[in-house]
Structures are given as C-alpha cells and as structure tokens.
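Scroll down for the structure; my scribbles are underneath it.
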Amino acid sequence: MTNKLTVLSGIRPTGYLHLGNYFGAVRSFVKMQHDYNCFFFIADIHSLTTHPTPENLQAGVKQVLAEYLACGIDPEKATIFIQSDVPEVSELYAFLNMNAYLGELERTTSFKDKARQQPDNVNAGLLTYPVLMAADILIHKANFVPVGKDQEQNLEMARKFAQRFNYMYKTELFPLPKPYTFDGKDMIKVPGLDGSGKMGKSEGNAINLYEDPKDIRKKVMRAVTDSGPTEPNQPKSEPVENLFTLLKIVSTPDTVAHFDALYNNCEIRYGDLKKQLAEDIIAYTSPIRERIIENLKDEAYLGRVAKLGAEKARESAARTLQEVKEVIGFKRLF
Ligand code: ADP
Ligand code: TRP
C-alpha cells in the first residue's frame, strides 16, 4: 500500500449520480482501487456554496455514499470518506488561502460561471473553491486525480498552489497532482437526452443510476431525434449522434452495428432504437439500483464505512499537516 501511487477524487453531494458521473468518473474509481492507494470522498463542504438545508445536505451525503458502494467501490480497498469528517483539510485550506491571489481566483471559469448563475450569492467560498479543492488533493499528496474535463482548470490551480508552496518554503513536500484518465484514453463525455451538450445533474437531461426502469423508458422514449435520414450514409445530426453515443456505452457492438446499418440504409425507426437503448440502460443500472436501495436501508453499514474511511483519511491527512506546519514555521521555540 505504501509504495503505490495515490489517487484521489470527490463528488459533491448535490443530487443523484447519473450515467455521466458513472461512465465519466465512478467506473474509473472502481477499476483504480486495485492498483493505487485510493481516496474517494464526498465533498460536502464544497456543496455549502449553494446553501443546502441541513436535511438536504444529510440526505445528499447518504445518497452518494450508498451509490459509491453500489457502484463497486470497496471500503476495504479504497478509503471512502466524507470531507467534513477530516478537519485537517480545512486547516490546510486556511494556510493555502494565504498564497492564493484574488486576481487568479476571479479569473477561474467555474467562478465566473457560478457568479453568473447565482448573482445573489457570490460568496467567498465560491471564490476560494479551487483552494479547498487543492487542500483536498494535497493533504493526501495525491499523484493522480480522475475527473472530467470540466474540472481541468481547478486541477491546474491545485498544481499551481502546490508548486508555489514548494517554491516558497524550498521544499518538495507536495507532489504535483496530474489529471488521470483510465487506459490513457480521453475521459468519456456522456451526452444528455435533450439533443445537445453533456448529461448533468442541473441540466435536467440526466438518467440517474437510482432511476426506476419505468422512468428510464419514459425518458429515453422522449429523447430528441430528427425526422430521419433521407439519403444512404447521411451524416447524423447531433441528437441522433448522441443516442448512438449512449448506445455505444451501454450496448453490445453487434447492437450498435445493427442500428448503424439500418440508419445508413434509411430504414431506421428511432422508436426501435430507443426501446433497445432503454432496455440496455436498465440492464446496466438495475443491479446498481438494487444495491443502492439495500445500502440506503442499512444505515449501520453506511455508518461503519464512513467511520472507517474517516479514520484512514485522518491518519493520512494528519501526517501531511504536521509536515506542512513544520515547514511553515509553526514550531515552538519556547
Ligand atoms: P454534474 O456535472 O452532473 O453536476 P459533478 O460536477 O458533480 O456532476 O461531477 C462529478 C464527476 O462526474 C466529475 O468528475 C465530472 O467530470 C464527471 N461528469 C459529470 N457529468 C459528466 C458527463 N456527462 N460525462 C462524463 N463525465 C461527467
Ligand atoms: N470540484 C469537483 C466537482 O465539482 C468536486 C471536488 C472537490 C473534487 N474536491 C475535489 C474532485 C478534489 C477531485 C479532487 O465535481
């Protein structure tokens, strides 16, 4: 365990995990846990930027924990923990804030987006979001961070803060964290069902892992298409391409080839494609959904996992924090 490289990633508990989260992130977590020293956490402090009620916060944390486990993250192999259970992170966040500059924080794309989306709540936590994320990563000296493309800039900032700290204190305490894509491939971007863009929690175009099969069928049957090909081998429109992208993710290559051929011969009936797609999504999500339901009922189990994870994460975090404090000069001479 000790000489393995370290992997760390987190998801905010702001809603149900969807196919995008699964194929873009969590599926890689599950594969990585065998080869790396892994930390996967629930970023509940980060979610406070949008002011959830205490009930929503608690329910969101429980849901993601149940979903992480249902997807196959093994608490014996990886360290699964809740961010707020590790106070060392907040301490490092305070230190790192002293070397993070207003100008660079204001220029971050995610800050500018959020400030536009919630103009009445442009809080300091939003501004320093990348600093807290850097603290999450650096406190465990993570080498790799598996995240989707949308998190690239935040990760670059984490590298910058690490480098700045190392330079300022003439140390090599923090390794520079790199993005990680499983198999060296580009991270998948799972499209939504609304014809454009990516599947997202707040986009209203998502299929959740927890979703009832009935609702999956309804959502897929309602997905945007076009009026159908009129010439053989016609390029696909974006909404149709998106359906094929989803099919490639959840169906067999034979099924994809079958519908591709029908499309290219102008014989495709989108209704048939959608029916197949819905059934193949359900085949994928059903076992996960059943495990989520089981896990949600077993609060004692969730509690044990969170406690074990908090202990392991705190041990690792405390070690780094001690080194950081010594380097900074919080060492008593009297
Ligand atoms: P959302 O965008 O739905 O709010 P998060 O921002 O919480 O999801 O993302 C959690 C993880 O899932 C991140 O690593 C992110 O890159 C990944 N992810 C989210 N949506 C997609 C998608 N449509 N395709 C691929 N990866 C995604
Ligand atoms: N910012 C990430 C997101 O919105 C969540 C996150 C917080 C994270 N801290 C992290 C991801 C550290 C990776 C590493 O999805």
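Assorted remarks:
- Test for residue 74: is it within 30 Å of residue 283 (Cβ to Cβ), away from ligand 1 (no atom under 16 Å from the Cβ) and modelled with pLDDT of 95 or more: yes
- Selection count, region 170-218, where residues are hydroxyl-bearing (Ser, Thr, Tyr), at pLDDT 90 or above and surrounded by fewer than 16 Cβ atoms within 10 Å (Cβ to Cβ): 1
- Qualifying residue in region 262-282 (condition: within 30 Å of residue 196 (Cβ to Cβ), surrounded by fewer than 14 Cβ atoms within 10 Å (Cβ to Cβ), touching a residue at least 40 places away in the same chain (Cβ under 8 Å) and not assigned by TED's automatic domain parsing to the domain that holds residue 84): yes
- Complete set of residues in region 1-52 that are of a type in the set (Val, Ile, Thr) and more than 13 Å from residue 147 (Cα to Cα): 2, 6, 14, 30, 42, 45, 49, 50
- Checklist (1) in contact with a helix residue (DSSP H, G or I) (Cβ under 6 Å, 6 or more places away or on another chain); (2) of a type outside the set (A, V, I, L, M); (3) surrounded by 20 or more Cβ atoms within 10 Å (Cβ to Cβ) applied to residue 68, failing item: (1)
- In region 7-27, the qualifying residues are those that are more than 12 Å from ligand 2 (Cβ to nearest atom) and hydroxyl-bearing (Ser, Thr, Tyr), and the one that is farthest from residue 50 (Cα to Cα) is 22.
- Within region 228-252, the set of residues being in a loop (DSSP other than H, G, I, E, B) and within 13 Å of residue 195 (Cα to Cα) comprises 236, 237.
- Being basic (Lys, Arg) and in contact with a Lys or Arg (Cβ under 8 Å, 6 or more places away or on another chain) is a description that applies to residue 331.
- Options 223, 206: the member that is within 16 Å of ligand 2 (Cβ to nearest atom), assigned to a loop (DSSP other than H, G, I, E, B) and not polar (S, T, N, Q): 206
- When residues in region 137-179 are screened for being over 24 Å from residue 86 (Cα atoms) and within 15 Å of ligand 1 (Cβ to nearest atom), 5 of them pass.
- Residue list for region 27-51, filter: within 12 Å of ligand 1 (Cβ to nearest atom) and either within 23 Å of residue 194 (Cα to Cα) or surrounded by fewer than 19 Cβ atoms within 10 Å (Cβ to Cβ) (or both): 27, 50
- Residues (within 30 Å of residue 265 (Cα to Cα), part of a loop (DSSP other than H, G, I, E, B) and within 16 Å of ligand 2 (Cβ to nearest atom)) located in region 189-203: 189, 190, 199
- The residue pairs whose first member lies in region 129-141 and is charged (D, E, K, R), whose second member is part of a helix (DSSP H, G or I) and within 16 Å of ligand 1 (Cβ to nearest atom), and whose beta carbons are closer than 8 Å, counting only pairs six or more residues apart or on different chains, are 136/83.
- No other residue among 211, 238, 231 is away from ligand 2 (no atom under 16 Å from the Cβ), within 26 Å of the chain's Cα centre (by Cα) and more than 30 Å from residue 293 (Cβ to Cβ) apart from 238.
The values are calculated or read from the model by the stated rules, or taken from the named source; none is laboratory data. Fair warning: this is a prediction, and the values are worked out from it, not measured in the lab. Every residue, glycine among them, receives a Cβ derived from its backbone with ideal geometry; neighbour counts consider all protein chains shown.
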